[in-house]
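Novice: Before we start, here is the structure in question, set down as structure tokens.
The values are calculated or read from the model by the stated rules, or taken from the named source; none is laboratory data. Please read all numbers here as calculations on a predicted model, not as lab measurements. Neighbour counts are summed over all protein chains in view; Cβ atoms, including those assigned to glycine, are modelled from backbone coordinates with ideal geometry.
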């Protein structure tokens, strides 16, 4: 039996890819700044992310590197182009 613990201290949560962490945080209705379920982000006193100079209002565990985000967006764009080409071929 697992004892209760904070999401930020959960080994299962921290092992997840960033996108899945965001989904879990949304489903758990936690503050995206500190991952607590006692308040909302607008009421949170935690500092901005700070990872690699990030000034956005999310927890470090929810930070997505710009390079990996750009790479993902590039992959999605490539897939969309391929799908459009496939649809236009009779």
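Novice: If you take the residues in the range 1-36 that are modelled with pLDDT under 90 and not in a helix (DSSP H, G or I), which one is nearest to residue 59 (Cα to Cα)?
Specialist: Per the criteria, the residue is 6.
Novice: Which pairs turn up if I take residues in the range 25-53 that are at positive phi and in contact (Cβ under 8 Å) with a residue 12 or more places away in the chain and look for partners that are surrounded by 10 or more Cβ atoms within 10 Å (Cβ to Cβ) and in a loop (DSSP other than H, G, I, E, B) with beta carbon separation below 8 Å, at least 6 apart in sequence or on another chain?
Specialist: Sorted first by the residue in the range 25-53, then by its partner, the pairs are 35/6; 35/59; 52/63; 52/65.
Novice: Failed condition for residue 90, given (1) assigned to a helix (DSSP H, G or I); (2) at pLDDT below 60, with all others met?
Specialist: Every listed condition holds for residue 90 apart from (1).
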